[in-house]
Amino acid sequence: MRRVLLRLVFVFALPAVLVTVWWVASAGSEDVYWPPLATVLETFPDVWTGERWRGDVLPSVLRLAAGYALAAVVGVALGTLVGSYRRVRAVCEPALEFLRAVPPPVLVPVIMLFAGIGDTMKIVVIAAGCVWPVLLNTVEGVRAVDAVTAETARSYGVTGVAWLRHVVLPSASPQIFAGLRQALSIGIILMVISEMFAASNGLGFTIVQFQRSFAIPGMWTGILLLGLLGFVLSALFRLVERRALGWYHGLRAAARRPGSSS
């Protein structure tokens with residue numbers, strides 16, 4: 001019980017401090033662009049009604065989920081291929097480094113030419129930015145497969161799909177999840193950016209509309225909602241990661257115990 005309480009303190013201590021500082025710093029503010037936090041919180045339930053949740057928040061989350069899932073599948077598949085074969089890596093690495101250096105928001109006008117201005121464009125933009133941390137971390141994870149484990153598996157005749165399933169992917173999974181964690185924050189950013197271009201709904205579109213109509217407290221509620229969405233998605237990801245990598249965290253915890261062999 002004490003450990004749970006300490007964990008909750010660590011999780012909520014800094015957000016509580018930041019909210020307190022924001023509340024005190026903005027109290028009594030008459031600047032139209034910097035309304036008091038109390039005003040923003042009072043506006044929040046009036047802005048984010050059930051209709052707006054269905055019309056703006058849900059479409060944004062679905063686009064994020066689709067783009068993120070596409071990036072995860074493509075990144076893990078290509079990363080496994082590139083990481084497993086040295087010649088493939090030598091051929092693909094220069095092109096991958098070039099494409100990785102291109103900021104995804106710059107590609108939005110180009111993607112609009114080919115994918116239009118609908119949901120497809122937004123999903124492709126999210127996937128185009130999220131795929132790189134997943135792909136590169138997968139490559140490094142596959143390359144770092146333990147040599148003793150690999151040799152033992154080969155001596156037992158483990159090849160093909162069984163080799164990938166029981167040796168490569170489990171060994172690379174900590175690195176893969178590290179890439180997925182990075183991709184999640186990138187995906188949220190690109191979700192907002194993509195919805196600022198020729199959109200008719202979504203969180204990014206709504207925030208820009210509030211800004212253009214000088215509904216500044218409403219704009220701040222959208223920014224606050226984005227932060228809460230990121231926090232919730234991060235917490236859900238941690239739960240999934242802890243469950244999927246339970247064996248890995250268990251090994252690390254056992255290695256840190258006093259008296260354990262190094």
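The values are calculated or read from the model by the stated rules, or taken from the named source; none is laboratory data. Computed from a predicted model, the values in this text were never measured in an experiment. Every residue, glycine among them, receives a Cβ derived from its backbone with ideal geometry; neighbour counts consider all protein chains shown. SASA here: full protein model, heavy atoms, side chains in, ligands and nucleic acids out. Shrake-Rupley method; radii C 1.70, N 1.55, O 1.52, S 1.80 Å.
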- Note on the structure: On each of the three principal axes the extent of the alpha-carbon atoms of the chain, given in whole Å and largest first, is 72, 56, 30
- Query: Which one of Pro170, Ile111, Ala199 is farthest out on the positive end of the charge dipole of segment 102-254, using unit charges on Cβ (Lys, Arg +1; Asp, Glu -1) and the Cα centre as origin?
  - Reply: Pro170
- Query: Looking at Gly230, Val240, Phe214, which one has the Cα that reaches farthest to the positive end of the dipole of the chain (charges on Cβ: Lys, Arg +1; Asp, Glu -1)?
  - Reply: Val240
- Message: Using a Gaussian network model on the chain with a 10 Å cutoff between Cα atoms, which of Ile223, Ile193, Ile207 fluctuates the most?
- Response: Ile223
- How large, in percent, is the carbon and sulfur part of the accessible surface of segment 52-243 at a probe radius of 1.4 Å? 68
- Let me know the charge dipole size of the chain about its Cα centre in debye, to the nearest 20, where only the beta-carbon of Lys, Arg (+1) and Asp, Glu (-1) is charged. 1240
- How large is ³J(HN,Hα), in whole Hz, for each residue of segment 129-141 in order, when computed from phi with the Karplus curve 6.51 cos²θ - 1.76 cosθ + 1.60 and θ = phi - 60°, using x for Gly and Pro? x, 7, 5, 5, x, 5, 5, 5, 5, 5, 4, 5, x
- Mean residue ellipticity (222 nm) of the chain, computed from DSSP H runs ≥ 4 via -39,500 (n - 2.57), nearest 500: -25500 deg cm²/dmol
- Quick calc of log₁₀ I(q)/I(0), segment 1-146, Debye, one scatterer on every Cα, no solvent, q values 0.13, 0.15 1/Å, result -0.92, -0.99
- Once you've got the GNM for the chain with C-alpha springs shorter than 10 Å, pick whichever of Tyr156, Tyr33, Tyr68 has the biggest mean-square fluctuation. Tyr156
- Give, rounded to the nearest 20 debye, the magnitude of the charge dipole that segment 115-261 has about its Cα centre when Lys and Arg contribute +1 at Cβ and Asp and Glu contribute -1 at Cβ. 420
- Per-residue accessible area, 1.4 Å probe, largest first, puts Asp46, Asp146 in the order Asp46, Asp146
- Note on the structure: The ³J(HN,Hα) series, computed from each phi in segment 148-154 with the Karplus coefficients 6.51, -1.76 and 1.60 at θ = phi - 60°, rounded to the nearest Hz and given as x for glycine or proline, is 5, 4, 5, 5, 5, 5, 5
- Comparing Arg154, Arg54, Arg252, which has the greatest mean-square fluctuation in the GNM of the chain with Cα pairs linked when under 10 Å apart? Arg252
- Message: How much accessible area per residue does segment 52-243 have, counting only protein heavy atoms and a probe of 1.4 Å, in square angstrom?
- Response: 54
